[in-house]
1. When only residues in the stretch 65-95 that are among the small types (Gly, Ala, Ser) and more than 17 Å from Arg49 (Cα to Cα) count, which is surrounded by the fewest Cβ atoms within 10 Å (Cβ to Cβ)?
2. Going through the stretch 42-61 one residue at a time, which ones are over 14 Å from the mean Cα position of the chain (by Cα) and part of a helix (DSSP H, G or I)?
3. Show the residue pairs that are 6+ apart or on different chains and have beta-carbon atoms under 6 Å apart, the first residue being within the stretch 25-54 and in contact (Cβ under 8 Å) with a residue 40 or more places away in the chain and under 13 Å from Thr76 (Cα atoms), the second being among the charged types (D, E, K, R) and in a helix (DSSP H, G or I).
4. Which members of the stretch 94-133 meet the condition of being outside any helix (DSSP H, G or I) and touching a residue at least 24 places away in the same chain (Cβ under 8 Å)?
5. Considering only the stretch 134-163, state which residues are among the charged types (D, E, K, R), under 20 Å from Ile95 (Cβ atoms) and touching a residue at least 60 places away in the same chain (Cβ under 8 Å).
6. Kindly indicate the residue of the stretch 111-124 that is surrounded by fewer than 17 Cβ atoms within 10 Å (Cβ to Cβ) and not acidic (Asp, Glu) and also nearest to Ile94 (Cα to Cα) among those meeting that condition.
7. Can you name the condition, by its number, that Thr90 falls short on among (1) within 20 Å of Leu135 (Cβ to Cβ); (2) out of contact with any Asp or Glu (no Cβ under 6 Å at 6 or more places or on another chain); (3) at pLDDT 95 or above?
8. What about Arg45, is it basic (Lys, Arg) and either in contact with a helix residue (DSSP H, G or I) (Cβ under 7 Å, 6 or more places away or on another chain) or crowded, with 21+ Cβ neighbours inside 10 Å (or both)?
Amino acid sequence: MNPGPAASSSCASTRPSPPSPPSPLCGHLDPEERILAVAYDLFSRRGIRDVGVNELIGRSGVAKATFYRHFPSKDTLVLAFLEQRDKQWTVDSIISSARQRGNTPVEQLLAIFDVFSNWFRRDDFEGSAFINVLLEMGPAHPLGKASLDYLAKMRGHVQRLAEEAGLVRADDFARSWHILMKGSIISATEGDLQAARRAQEMAAWLIEHHQA
């Protein structure tokens, strides 16, 4: 899941002939930040397996030794990407925005789908990075397990809002709500720009079902 801000796709390079074309968009960043900015963009748009280390190095404009000093393996970089995605998407973009939009916990819960509606209409909408990595790598892979953990964190945020709203069976509620969230993301990926609105209508019924 991820309406996080789009990262720069590449960085300025001092190498005369990089294997992948660099871009000057993040030359002000230090090497570690440049690598992560490029990874954020490429992994978000193309997935994990389609992006190779050589392309990451070329687009970051760093030496191979520098890359491996900061990220000993590609999986290490993917884990850093997922952590950044969680902060920028789950915490900053969804939960914080939803809390600002609503005056009560119930309003804040429903506002999650208002945030989604805006996200689904963005040109850089690419679906949920956590779902994408989970499906690509599988639940038994360390990266798949990390994605499951981040999805569980999102569910935890929903459960806390449900508890603040005084809803009964908050854990069950959060799991059902999470189904609506993930389902709307997949529907939006299919091209349904009304997916968030449809999910919000079902979400209102779910809230009524869990009120004491």
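1. Ala65
2. Within the stretch 42-61, Val53, Asn54, Glu55, Leu56, Ile57, Gly58, Arg59, Ser60 qualify.
3. Going by the 6 Å Cβ cut-off, the qualifying pairs are Ile48/Glu136.
4. Residues satisfying the conditions are Thr104, Arg121, Arg122, Asp124, Phe125, Glu126, Gly127, Ser128.
5. Hit for the stretch 134-163 is Lys153, nothing else.
6. Asn118
7. Checking Thr90 against (1) within 20 Å of Leu135 (Cβ to Cβ); (2) out of contact with any Asp or Glu (no Cβ under 6 Å at 6 or more places or on another chain); (3) at pLDDT 95 or above, the one that fails is (3).
8. No, not satisfied.
The values are calculated or read from the model by the stated rules, or taken from the named source; none is laboratory data. These figures come from a predicted structure and were not determined experimentally. So basically every Cβ, Gly included, is an ideal-geometry build from the backbone, and we count neighbours across all protein chains shown.
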